1. Taking into account only those residues within region 307-343 that are touching a Pro at 6+ places or on another chain (Cβ under 6 Å) and modelled with pLDDT of 90 or more, which is surrounded by the fewest Cβ atoms within 10 Å (Cβ to Cβ)?
2. Tell me which residues, restricted to region 181-205, are of a type outside the set (Phe, Trp, Tyr) and within 23 Å of the chain's Cα centre (by Cα).
3. Does region 29-39 contain at least one residue that is modelled with pLDDT of 80 or more, in a strand (DSSP E or B) and surrounded by fewer than 18 Cβ atoms within 10 Å (Cβ to Cβ)?
4. For region 82-124, what are the residues that are within 12 Å of residue 39 (Cβ to Cβ), of a type in the set (D, E, K, R) and in a loop (DSSP other than H, G, I, E, B)?
5. For the structure I just gave you, tell me whether residue 258 is more than 21 Å from the chain's Cα centre (by Cα), of a type in the set (Phe, Trp, Tyr), crowded, with 16+ Cβ neighbours inside 10 Å and over 27 Å from residue 69 (Cβ atoms).
6. Within the bounds of region 71-79, is there any residue that is surrounded by fewer than 20 Cβ atoms within 10 Å (Cβ to Cβ), hydrophobic (A, V, I, L, M, F, W, C) and outside any helix (DSSP H, G or I)?
7. Pairs needed: first member in region 349-371, modelled with pLDDT of 95 or more; second member anywhere, in a loop (DSSP other than H, G, I, E, B) and among the aliphatic types (A, V, I, L, M); C-beta distance under 8 Å; at least 6 residues apart or different chains.
Amino acid sequence: MPKGLRLLTLAFCGVSYCYGDAQCEPTWDNTCKLKVGIVGGGTSLPAFFHNISIGIGETRRIVAGALNAKPEKALENAKKAGFTGYKHWKDMLEAWRKGDQDLDYVVILTRGKDHYEPTKAFLEAGLAVFAEKPMTETVAEAEEIQRLVESKKVPFVVGHPVVGHPMLMLARELISKGAIGEVRKIESWFNQDWAAEHPGYSWRFDPKVSGVAGAAADVGLHAYAMASWVTGQSFKRVSARLKSHTTERELDESCNVFAELGNGGTAVILASLVAIGFKNEHGLRVFGSKGSLEWNAVTSKALILRLPANEIKVFTLEGNASQFTQPLASYPLDANLANLHSTLERMIRKKRGEKTPEPYDHPGVVDGVQAVRFLTAAIKSSKSDSAWVDV
């Protein structure tokens, strides 16, 4: 197998399985490409990256979508993209139920406040789901999604794309194997400046449109995912300050969260959409009892391990994390997402009984619930003058 295909580019079943299916489009290893449906997203940047990442590895393809809340726009967008369009996601779901539309999983790309209804409906029908974060707006909704995933045993992944980066996957493995000892402190950050450069984007900070939070729900959850998923640490309680720096924007443009971890350690989560000069700057430092790990997006192909006596080890993408890389991908975002899509693909194929490597443990429904708990607690804390709130 070519270098870089070992872990997350998939090799499954033989020729007979695929060619026995008249609807099968063979992949490079003669398996059938998974058929993907898209809910929401339209012509947005997230939809663009998902479109690229679904195609990486050539084992999946988009076949249908309800891309816009406006029915005619939804059909127009799908026609331009070259796949079957539906006026509403409910129509696509009904077509799948009747056997008129082949689907293996759907990707939920609606605005954050609208994630819950389609996610719940497709899970109830038994179809695998890739749900963008935040998984839902409320903890009660998140717990209902968890109940459905676990009771129906439906493959499910939450879209925290940053943790699909090979170096963060490697960092998780190093920490789990004790490379830095007990986790004592985490620093995680995610900064962008588009909201400062484009003041007209006020609708993104309108709760009627975007939901319960602005920066905290957007880049703040990216920073949270790095801190929690990479280290394996739970968040016990938080003290937060969510801030809008302009009177025109009701939701937060930046957030600062101090947290106590389940093991007694601490974490600092920093995020902003108005950090002028920082286009997509994010990173993570984890300080342990035996050493520290550091990674950032600027030098994203390197992971630094610092040990006592000034010893430093540098892990590289090519030399140490090639088993997590995607072929023909440019880092970071498209390949990160491709790793998450490949994880869901493995889960689906494994459930079918196909020969496949074990799925990687990317964020699933439990992680999705915890992220909603974190966000809910941070919002409550900020409204209470940064008082401590249990997660």
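1. 343
2. As a first pass, look at region 181-205 and keep what is of a type outside the set (Phe, Trp, Tyr): 181-188, 191-193, 195-200, 202, 204.
Passing the criteria: 186, 187, 188, 191, 192, 193, 195, 204.
3. no
4. Listed by number, the list holds a single entry, 111.
5. Numbers: more than 21 Å from the chain's Cα centre (by Cα): yes; of a type in the set (Phe, Trp, Tyr): yes; crowded, with 16+ Cβ neighbours inside 10 Å: yes; over 27 Å from residue 69 (Cβ atoms): yes.
Here the answer is yes, as residue 258 does meet what is asked.
6. no
7. What qualifies is 349/10; 365/135; 368/135; 369/135; 370/391; 371/135.
Conditions (1) touching a Pro at 6+ places or on another chain (Cβ under 8 Å); (2) surrounded by fewer than 23 Cβ atoms within 10 Å (Cβ to Cβ), marked per residue:
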site: 101; (1), (2): no, yes
site: 105; (1), (2): yes, no
site: 119; (1), (2): no, no
site: 148; (1), (2): no, yes
site: 151; (1), (2): no, yes
site: 158; (1), (2): yes, no
site: 167; (1), (2): no, no
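The values are calculated or read from the model by the stated rules, or taken from the named source; none is laboratory data. No experiment lies behind these values; they were computed from the predicted model shown. Here the Cβ is made from the backbone with ideal geometry for all residues, glycine too, and neighbour counts use every protein chain on show.
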